[in-house]
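Since every read-out is calculated from the coordinates, none of them should be taken as a lab result. Small disclaimer: the values here were computed from a predicted structure and weren't measured. Heads up, the Cβs are rebuilt from the backbone with ideal geometry, glycines too, and the neighbour counts pull from every protein chain shown.
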Amino acid sequence: MENYRHLLRDFEEGLLTEMKEKGRIIEVKAGQMLLQSGQPIRNTIIVLEGLVKLFRESDEDGSEFFMYYLQPGDGCALSMICDRTFRASSVTVRADTNAKLLVVPVEYTEHWMRNYRTWYHFVVGTYRKRYEELLETIDHIAFQNMDVRLEFYLRRHSQVLGSKVLELTNTQIAQELNSSREVISRLMKKLAEAGKVRLLKNGIELLKL
């Protein structure tokens, strides 16, 4: 925990002590499933290193709809308000890179909401941030054409990853935008012809997005 105090600096000492006593730090590999849709939520997580992706899965064909990333210092909003009833998750959570997570059983977070104002403000701030992100995503889905949605998707990933080079395939992008690989391939070719991206063997480089 001492190595991550800069991420948890807004929490009071009593809460940090309980996090150390009640929680545990785990290491996960890129691609590892942390929670699947329909599974009971037994723990809340705070990301200490790496990136974690949240997405919805279609019951019909298993296609994915990307929601947002959790970065170092972020907590999983959905798990923060769960209680001892262990409600089923409505999203799937997967490590996008190798990551380290602080994992705490949800029964302790109930106590923290009542007794630690810093945890209360952290939870409220997390929900506000995710709500605003989802509104932005919904706006693009409801009111924008696929080419605009694709550019938004690429910019967002670049900002989160801190890189202009994205290791994404057209199939991955199509799944997360609920489109087809053929449509994404055609739009990516148009972006490349416009000088906005460079198509690489194993990904995409953003140039003028």
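Overall size of region 97-209 from C-alpha positions, given as principal axis extents largest first: 57, 33, 24 Å. Between residue 127 and residue 33, the modelled label-to-label distance comes to 2.9 nm, taking each label 7 Å out from Cα in the direction of the beta carbon. Taken along the Cα-to-beta-carbon direction at a fixed 7 Å, the label points for residue 20 and residue 120 span 2.5 nm.
At full extension, residue 49 and residue 88 could sit 11.4 nm farther apart than now, given 0.36 nm per residue minus the alpha carbon distance. Taking the centroid of alpha carbons for each part, region 106-180 and region 17-80 are 13 Å apart. Between the amide H of residue 48 and those of 73, 100, 101, 102, distances stay under 5 Å, these residues lying 5 or more places away or on another chain, with hydrogens modeled in the peptide plane.
Where nothing but the Cβ of Lys and Arg (+1) and of Asp and Glu (-1) is charged, how large is the charge dipole of region 1-113 around its Cα centre, in debye to the nearest 20? Don't skip to the end; give the middle numbers.
Values: 13 positive and 18 negative charges, 46 e Å.
The calculated dipole for region 1-113 is roughly 220 debye.
The HN-Hα couplings worked out from phi for region 92-98 by the Karplus form 6.51 cos²θ - 1.76 cosθ + 1.60 (θ = phi - 60°) are 10, 10, 9, 5, 8, 9, 4 Hz, whole numbers, x standing for Gly and Pro. For the residue pairs 53/196; 53/201; 29/53, the C-alpha atoms sit more than 20 angstrom apart in 53/196; 53/201. When GluC sites (Glu not before Pro) are flagged only if DSSP places them in a loop and at most 16 other Cβ atoms lie within 10 Å, the longest unflagged stretch of the chain comes out as 61-166.
Within the chain, which is the longest segment that contains none of the trypsin sites (Lys or Arg not before Pro) sitting in a DSSP loop with at most 11 other Cβ atoms within 10 Å? Formally, the longest exposed-site-free interval is 85-200. Each Lys and Arg Cβ is given +1 and each Asp and Glu Cβ -1; about its Cα centre, the chain then shows a dipole of about 440 debye.
In this Cβ point-charge picture (+1 for Lys and Arg, -1 for Asp and Glu), region 146-206 has a dipole of about 120 debye about its Cα centre.
Applied to region 199-209, the Karplus parametrisation 6.51 cos²θ - 1.76 cosθ + 1.60 on θ = phi - 60° returns per-residue 3J(HN,Hα) values of 7, 9, 4, 10, x, 9, 10, 7, 10, 10, 9 Hz, with x for Gly and Pro.
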